[in-house]
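Trainee: One structure is given below, represented as structure tokens, and several questions about it will come after.
The values are calculated or read from the model by the stated rules, or taken from the named source; none is laboratory data. Just so you know, these numbers come straight off a predicted model, no measurement behind them. All Cβ positions, glycine included, derive from the backbone under ideal geometry; neighbour counts span all protein chains shown.
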Amino acid sequence: MNILRTNRIFYGWYIVAASVVMNAYITVAFGLGFNVFFLPILTEFGWSRAVTSGAFSLRSLESGLLAPIIGFLVDRWGPRPIILIGVFLVGSGMIMMAYIDSLWGFYAAFLIAALGGSGAGHGVSWVVAVAKWFNRMRGRALGIAMLGPVIGGPLLFTIAIIDEYFGWRIATLILGVGVWIIGLPLALVARTEPRAYGYFPDNERTIDDPKTQPELDRQYHSGMSVSEALMTRDFWVLTILFALMFLGISGLMVHLIPLLEDFAYSSTEAATILGILFLLSGLGRVFSGFMADSLDYRKVLIILVLCQLLGLLILTRLSEPNIWIVFIFTLTFGIGFGGTIPLRPFVIMQIFGGKSFGALQGLLQVGAIGAGVVGPVFYGWIFDTTGSYDIALYATMATIAITIPLTNFLHKPVK
């Protein structure tokens, strides 16, 4: 089979770049950056931390419940209109936040922005846009496309500077307008699939091969429907596998800073370690993407799980400040944790095809989000009961280890 490649930059990479930039900005402005406004807001209004934190809990619940709906809408309308609506809502919610004068106003503005983030973020919409523009290089494209939060995380200090100089109301107004200015043009970059615009996946087009067109039709339109996928063993294995993995990880991410503070790290040092962990997760995202393009995805998943287990085992050895132990932990666990993020949509596309890809991506997120609600509470309960996080760490290692044999129940990919 002869393959022709055009010399110009493949449009799919513009979609990848747009995903990175938009998600980096949303992470800075709202996803993580809004935490900077937490104390200033509750101080001004005199609300309790529990009441103010309720909005953040509802954001997680909302994201889990909306993911399947967004997936169905993306499959029906394509990613661009969903991303455009999402950008408008994120910006609107943050602008509304600048004018709140009550707790209900705070909740309403926050949840409107969170609703938009579910559509404009890379959880479903951008994943669908990227996955359908690539075939042979799908794994690496997804890995790169999901680097937005990794790039945005280290830039959170800019939000603190804006808050310090202008106050939280002006800051949210500026950031909300910024979402519109940056996000709306980037949303227009998204496209449904390459053939409608004169492209082939991966910037390749084949000649003298009559099987090419039917193969593309199979990828985009002849996969499983949602009802068919729900009847398969693969769907439920994937749901349980990622839920078990995220169950402990979600708790660790919330409690890592206090865990490190218990070992005599300062708050600044602990926060820096968490930031480095998040940054190094970017290596895992790119690494798993490249590996999935050439290896059995089950083997890639096992490698990532082993990295997570090694990192957790190293963390249990920590009893006092030790830069080398912390570095090895952040490197191994960061790669293992970050690598699973692009691997999930990659596996969904490989197993179920593109027909209902968005809906299935959203449905699989429900299990992970549900586990994410339980994990932090479990970690807190263990510490309150025993005075340490040791049992929680070992329980996390156990639930993650269970995912290794579960991979054997997934079908072998067809290359």
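Trainee: Can you tell me which residues in region 318-367 are in contact (Cβ under 8 Å) with a residue 60 or more places away in the chain and assigned to a loop (DSSP other than H, G, I, E, B)?
Mentor: Those that are in contact (Cβ under 8 Å) with a residue 60 or more places away in the chain and assigned to a loop (DSSP other than H, G, I, E, B): GLY353, GLY354, LYS355, SER356.
Trainee: Let me ask something additional. Within region 279-290, is even one residue of a type in the set (Phe, Trp, Tyr), surrounded by fewer than 20 Cβ atoms within 10 Å (Cβ to Cβ) and outside any loop (DSSP other than H, G, I, E, B)?
Mentor: Step one: filter region 279-290 for residues of a type in the set (Phe, Trp, Tyr), giving 287, 290.
This time we only want the ones that are surrounded by fewer than 20 Cβ atoms within 10 Å (Cβ to Cβ), so: 290.
Among the residues that remain, those that are also outside any loop (DSSP other than H, G, I, E, B) are: 290.
Yes, that holds for at least one residue.
Trainee: Considering only residues of region 201-256 that are crowded, with 16+ Cβ neighbours inside 10 Å and charged (D, E, K, R), which is modelled with the highest pLDDT?
Mentor: The selected residue is ASP234.
Trainee: Picking from PHE157, PHE134, which residue would you name as being over 17 Å from the mean Cα position of the chain (by Cα), crowded, with 16+ Cβ neighbours inside 10 Å and closer than 30 Å to ILE335 by Cβ? Quick ask: steps written out before the conclusion?
Mentor: Numbers: PHE157 fails: crowded, with 16+ Cβ neighbours inside 10 Å.
Among PHE157, PHE134, only PHE134 is over 17 Å from the mean Cα position of the chain (by Cα), crowded, with 16+ Cβ neighbours inside 10 Å and closer than 30 Å to ILE335 by Cβ.
Trainee: Hey, can you tell me all the residues within region 5-28 that are among the aliphatic types (A, V, I, L, M) and either at pLDDT 90 or above or not assigned by TED's automatic domain parsing to the domain that holds VAL130 (or both)? Lay out the reasoning, then the answer.
Mentor: Pass one, region 5-28, residues among the aliphatic types (A, V, I, L, M): 9, 15-18, 20-22, 24, 26, 28.
Answer for region 5-28, where residues must be among the aliphatic types (A, V, I, L, M) and either at pLDDT 90 or above or not assigned by TED's automatic domain parsing to the domain that holds VAL130 (or both): ILE15, VAL16, ALA17, ALA18, VAL20, VAL21, MET22, ALA24, ILE26.
Trainee: Condition first: within 28 Å of PRO81 (Cα to Cα), surrounded by fewer than 20 Cβ atoms within 10 Å (Cβ to Cβ) and in contact with a Pro (Cβ under 9 Å, 6 or more places away or on another chain). Can you find one or more residues in region 340-347 that meet it?
Mentor: no
Trainee: Just the residues that are over 18 Å from VAL237 (Cα atoms) and among the small types (Gly, Ala, Ser), please, taken from region 373-399. Working first, answer last.
Mentor: Residues of region 373-399 that are over 18 Å from VAL237 (Cα atoms), as a first pass: 373-397.
The answer is GLY375, GLY380, GLY387, SER388, ALA392, ALA395.
Trainee: Please pick out the residue among LEU260, LEU301 that is buried (at least 16 other Cβ atoms within 10 Å of the Cβ) and in contact with an Asp or Glu (Cβ under 9 Å, 6 or more places away or on another chain). Before you say what the answer is, go through the steps one by one.
Mentor: On the way: LEU301 fails: in contact with an Asp or Glu (Cβ under 9 Å, 6 or more places away or on another chain).
So the residue among LEU260, LEU301 that is buried (at least 16 other Cβ atoms within 10 Å of the Cβ) and in contact with an Asp or Glu (Cβ under 9 Å, 6 or more places away or on another chain) is LEU260.
Trainee: Report the residue count in region 285-303 for those that are modelled with pLDDT of 90 or more and more than 14 Å from LEU410 (Cβ to Cβ).
Mentor: Count: 1.
Trainee: Follow-up question, since we're still on this one. Could you check how many residues of region 97-108 are in a helix (DSSP H, G or I) and either of a type in the set (Asp, Glu) or free of Cβ contacts under 8 Å to residues at least 24 places away in the same chain (or both)?
Mentor: Matching residues across region 97-108 total 3.
Trainee: A further question on this structure: Go through (1) more than 17 Å from GLY248 (Cα to Cα); (2) out of contact with any helix residue (DSSP H, G or I) (no Cβ under 6 Å at 6 or more places or on another chain) and name the single condition LEU343 misses.
Mentor: Here LEU343 meets the rest and fails (2).
Trainee: If you don't mind, another one. Go through region 305-317 and report how many residues are surrounded by fewer than 22 Cβ atoms within 10 Å (Cβ to Cβ) and assigned to a helix (DSSP H, G or I).
Mentor: Step one: of region 305-317, the residues surrounded by fewer than 22 Cβ atoms within 10 Å (Cβ to Cβ) are 306, 309-310, 313-314, 316-317.
This time we only want the ones that are assigned to a helix (DSSP H, G or I), so: 306, 309-310, 313-314, 316.
Total satisfying the criteria: 6.
Trainee: For THR52, work out the one condition from (1) surrounded by fewer than 18 Cβ atoms within 10 Å (Cβ to Cβ); (2) more than 21 Å from the chain's Cα centre (by Cα) it doesn't fulfil.
Mentor: All conditions are met except number (1).
Trainee: Taking region 109-166 only, how many residues are in a helix (DSSP H, G or I) and either within 16 Å of GLY358 (Cβ to Cβ) or without any contact (Cβ under 8 Å) to a residue 24 or more places away in the chain (or both)? Full working, then the answer.
Mentor: To start, the set of residues in region 109-166 that are in a helix (DSSP H, G or I) comprises 109-120, 125-131, 138-145, 148-155, 157-166.
Remaining after also requiring either within 16 Å of GLY358 (Cβ to Cβ) or without any contact (Cβ under 8 Å) to a residue 24 or more places away in the chain (or both): 109, 112, 118-120, 125-131, 138, 142, 145, 157, 161-162, 164-166.
Within region 109-166, residues that are in a helix (DSSP H, G or I) and either within 16 Å of GLY358 (Cβ to Cβ) or without any contact (Cβ under 8 Å) to a residue 24 or more places away in the chain (or both) number 21.
Trainee: A further question on this structure: Take the residues in region 5-41 that are assigned to a loop (DSSP other than H, G, I, E, B) and among the polar types (S, T, N, Q); name whichever of them is surrounded by the fewest Cβ atoms within 10 Å (Cβ to Cβ).
Mentor: Start the filter on region 5-41 by keeping residues that are assigned to a loop (DSSP other than H, G, I, E, B), which leaves 6-10, 32.
Next, from what is left, pick out any that are among the polar types (S, T, N, Q): 6-7.
On the way: THR6: 11, ASN7: 5.
Of everything passing the filter in region 5-41, ASN7 is surrounded by the fewest Cβ atoms within 10 Å (Cβ to Cβ).
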